[in-house]
Amino acid sequence: MNLISDGKILDTVPFSSGVLFVEMVSLESGEARLAYRCFDIVQNSFLPVTMGVYLLNKFGPAYEAISDQLNNCVLCDAAVLPDMRVIVLTPDGNCAIFTKEGELAWNGQFSYHDNYVRSPFTNGDYFWCTVPDENSIVQYDAGSLKTHIRIGNVDSSAFVSPVTLSVYDNLVYVCNSSIGKIKTVSLPMYEVGEYKSFEEPIYKYMKVANAEVVWLKSGLYIL
């Protein structure tokens, strides 16, 4: 594995040729601030990046209007739905749905069996989420926001505290943080398999620019 950063990473967002990430850095004064980083995999180098570029890739074209309405733009999960609405999920279970213009269309608790859902990822007319406390992943209809399919349950070993997921080439990649494993779900058969294991917690898996990127407890890496 090739290390991109071993800093205190708070969020990662893929873009066309690499990965954007946000780090907490300490200043000589003892204070801390957010630093926005960009690693271009194609050029194999770090590039200058602004907060605006990070927000654009996270929230889509209406990022300015959306970010102005959020208390914390970093510690939340977001996905652009097929009709260009944007769903934002916060760690405390709050959900906000924004129109393609960035206007707030709905706000409230979004849960599955009273457990918070995380990590929305659009896939066709649906989006997937993880339910860490339910050991499950759930597919929702992007139009109605109703549950379509659930895989796993609180007593199942298919997933263990899944924190994030992503979908590439008819495979759902599910990061099971506490056991350091990426598991997969094949579409449309919904068969669960194992993909990769690590000796530390894993927080996110991304495919970008013909490369695989993982965010582990020890840092951000290219496989």
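The values are calculated or read from the model by the stated rules, or taken from the named source; none is laboratory data. None of these values were measured; they are calculated from a predicted model. Cβ sites come from the backbone with ideal geometry, for glycine too, and all protein chains shown count toward neighbours. Side chains are part of the model used for accessible areas, which takes the heavy atoms of the whole protein and leaves out ligands, DNA and RNA. Shrake-Rupley method; radii C 1.70, N 1.55, O 1.52, S 1.80 Å.
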Scattering curve values for the range 85-162, log₁₀ I(q)/I(0), Debye with Cα scatterers, q = 0.12, 0.13, 0.17, 0.22 Å⁻¹:
-0.32, -0.37, -0.62, -1.00
From the residues 121, 157, 3, which one has its Cα farthest along the dipole of the chain in the positive direction, the dipole being from +1 and -1 charges on Cβ of Lys/Arg and Asp/Glu about the Cα centre?
3
Over the range 136-200, what relative contact order in percent results from Cα pairs under 8 Å that are six or more residues apart?
20
Picking from 120, 162, 82, which is most flexible by a Gaussian network model of the chain using Cα springs under 10 Å?
82
Volume per residue of the C-alpha convex hull in the range 60-122, rounded to whole Å³
81
DSSP loop trypsin sites (Lys or Arg not before Pro) in the range 18-125 with at most 16 other Cβ atoms within 10 Å of their Cβ, which ones?
100
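Please state, to two decimals, what the Cα-based radius of gyration of the chain comes to when divided by 2.2 N^0.38 Å (N = residues).
Ratio of Cα Rg to 2.2 N^0.38 Å: 0.99.
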Candidate aspartates and glutamates for bridging to residue 146, where Cα separation is under 14 Å - those fewer than 8 sequence places away on the same chain excluded:
125
Extension gain, residue 28 back to residue 43 (0.36 nm per residue minus Cα-Cα distance, nm)
2.3 nm
How big is the range 114-223 in terms of Cα radius of gyration and Dmax, in angstroms?
13.2, 39
Shape metrics for the range 1-79, restricted to C-alpha atoms - Rg then Dmax, Å:
13.2, 38
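Which sequence of 128, 106 reflects their accessible areas, 1.4 Å probe, from the largest down? Write down the numbers at each step before the final one.
Details: 128 0, 106 105 Å².
Highest to lowest solvent-accessible surface, that is 106, 128.
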